[in-house]
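One structure coming up, written as structure tokens, with questions to follow.
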Amino acid sequence: MDNVVSGRLPITHKLVFWFVVILKCPKDSNFVKNKEDVSRLTLASVREFSEEWKEMVKNCDIDSLCMSRLKYRAPWDVLSGKFRRGTVTVAGDSMHLMGPFLGQGTSAALEDGVVLARCLWRKLGQNGMNNVFSKKQIEEAIDEYVRERRGRIVRLSTQTYLTGRLIEASSPVTKFLFIVSLMILFRDQIGHTRYDCGRL
């Protein structure tokens with residue numbers, strides 16, 4: 001089952017949240033919209049799983065099925081990307097779309113909001129409340145926000161990228177290389193969960 005990553009989490013004794021990640025999936029975008037096709041593809045992808053898994057997929061509420069493509073922004077794109085144009089910037093997934101492997105996407109987006117608000121307040125202060133500010137002040141505040149966020153986001157993106165590559169790797173040698181890379185770069189595997197972006 002080199003092509004499939006799966007997981008499940010019981011919610012109640014009759015309800016289960018489950019997912020199947022198909023590493024080599026059809027490219028046809030219409031395929032994603034048809035629930036029956038999604039159901040058939042999912043069932044085919046778990047054909048080597050236990051009977052219990054197959055039954056769970058067969059008996060699921062077809063209306064609750066959804067299929068989407070995992071996307072991410074590569075760490076080197078985060079490192080070199082321009083995140084401001086004039087007085088416009090990005091935050092959340094628009095800035096640092098990453099795989100779900102660390103469960104930090106929403107947390108990072110909330111951090112972005114706190115840091116951006118703090119940077120704007122530092123530059124604009126009370127004047128900003130009275131709509132008295134210059135374009136230059138806003139640009140400086142956004143530049144400060146991007147500088148402050150870039151280090152954190154590069155680390156998260158790198159850890160997510162390596163974790164995703166480890167999950168999809170089929171060769172034992174490749175898996176070993178990704179494990180070693182993660183151990184060297186991220187000695188504290190859950191350190192990202194203790195990050196503090198500071199006060200608003």
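Values in this text are rule-based calculations from the coordinates and carry no lab data. For clarity, every value in this text was computed on a predicted model and none was experimentally measured. With ideal geometry, Cβ positions are generated from the backbone for all residues, glycine too; neighbour counts draw on all protein chains shown.
Going out from 0 in 5 Å bins, what whole percent of all Cα-Cα distances in segment 117-200 drops into each bin?
Once binned at 5 Å, the Cα pair distances of segment 117-200 give 3, 13, 17, 14, 11, 10, 9, 8, 7, 5, 3, 1, 0.
Calculate the dipole size of segment 80-200 relative to its Cα centre from +1 charges on Lys and Arg beta carbons and -1 charges on Asp and Glu beta carbons; express the result in debye to the nearest 20.
Dipole of segment 80-200, to the nearest 20 debye: 260 debye.
Can you give the direction-averaged projected area of the convex hull of the alpha-carbon atoms in the chain, in nm²?
Averaging across all directions leaves 15.1 nm² for the Cα convex hull.
For A44 and I11, what does the FRET efficiency come to when R0 = 35 Å and r is the distance between their Cβ atoms, rounded to the nearest 0.05?
Calculated value: 0.85.
While we're on this one: If the cut-off is 25 Å between C-alpha atoms, which lysines fall inside it for K123, apart from same-chain ones fewer than 8 positions away?
Candidates past the 8-residue exclusion: K82, K135, K136.
Also: Could you tell me the number of lysine pairs in segment 4-64 with C-alpha atoms less than 21 Å from each other, where the two lysines are 8 or more residues apart or belong to different chains?
Close lysine pairs found across segment 4-64: 9.
Turning to a different aspect of this structure: With a Cα-only, solvent-free Debye model of segment 4-64, what are the log10 I(q)/I(0) values at q = 0.19, 0.28 Å⁻¹?
Values returned for q = 0.19, 0.28 Å⁻¹ are -0.74, -1.41.
Separate question: Work through the residues other than G86 whose Cβ is under 13 Å from its Cβ and net out their charges, Lys, Arg +1 and Asp, Glu -1.
Its environment carries a net charge of +2.
Please arrange I179, I142 by how many other C-beta atoms lie within 10 Å of their C-beta, fewest to most.
The fewest-first ordering by Cβ neighbours comes to I179, I142.
Starting with the fewest neighbours, write out R118, R8 ranked by other beta-carbon atoms found within 10 Å of each beta-carbon.
R8, R118
Quick one: net charge around G198, please, counting Lys, Arg +1 and Asp, Glu -1 for every other residue with C-beta under 12 Å from its C-beta.
Surrounding charge for G198 is +2.
What residue among C119, V78, M67 has its Cα farthest toward the positive end of the dipole of segment 46-146, where the charges are +1 on Lys, Arg and -1 on Asp, Glu, each on the Cβ?
C119
Could you please rank T158, T193, placing first whichever residue has the fewest other Cβ atoms within 10 Å of its Cβ?
Listing T158, T193 from fewest to most nearby Cβ atoms yields T193, T158.
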